[in-house]
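One structure is given here, and the rest of the page talks about it.
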Amino acid sequence: MENNIELVEILIEKTNDYVKSSLELFKLKVLRSLSDSISTFLPNILVVFVLAVFFLFFDLAMAFWIGDLLDKVYLGFFIVTAFYGLKVIIIYYFFRKRLKRYISNCIIKNFLK
């Protein structure tokens, strides 16, 4: 009887160790997946920021140039703004679902690596 009690105690101890190891492995897998995702998205965010600054100055230059051609600076800004408004409408109505699906697939792919 005493031998059975020792075996049960050993079994409980090993089970406890297994659960702790499994939990630690799960934490490490989540940490790896999270770090991979963050390290993938941060450079992309930086590139998007630099492109946004580039396009901001390009758009300002275009607005001033068009305004200079029309002899009224504010008309250049209106034309550039209308162009971007038209692009937003087109993207919203025709490409919104595709963009959402693409972004979702990228996020899922990064987490399942």
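The values are calculated or read from the model by the stated rules, or taken from the named source; none is laboratory data. Just so it is clear, the model here is predicted, and its values are computed rather than measured. Here Cβ is always computed from backbone atoms with ideal geometry, including for glycine, and neighbour counts include all displayed protein chains.
When you look at Ile107, is it assigned to a helix (DSSP H, G or I) and in contact (Cβ under 8 Å) with a residue 40 or more places away in the chain, yes or no? Steps first, please.
Details: assigned to a helix (DSSP H, G or I): yes; in contact (Cβ under 8 Å) with a residue 40 or more places away in the chain: yes.
Answer is yes for this residue.
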Tally, over the stretch 75-93, of residues that are more than 19 Å from Ala61 (Cα to Cα) and hydrophobic (A, V, I, L, M, F, W, C): 5
Criterion violated by Phe49 - all others in (1) under 19 Å from the mean Cα position of the chain (by Cα); (2) among the hydrophobic types (A, V, I, L, M, F, W, C); (3) surrounded by 14 or more Cβ atoms within 10 Å (Cβ to Cβ) satisfied: (3)
Positions within the stretch 1-33 being under 30 Å from Ile103 (Cα atoms) and modelled with pLDDT under 80, in sequence order: Ser33
Single match in Asp59, Asp36, Asp17, Asp71 (criterion: touching a residue at least 24 places away in the same chain (Cβ under 8 Å) and more than 30 Å from Asn105 (Cβ to Cβ)): Asp59
Number of the condition not met by Ile103 [criteria: (1) in contact with a helix residue (DSSP H, G or I) (Cβ under 9 Å, 6 or more places away or on another chain); (2) among the aliphatic types (A, V, I, L, M); (3) closer than 30 Å to Phe41 by Cβ]: (1)
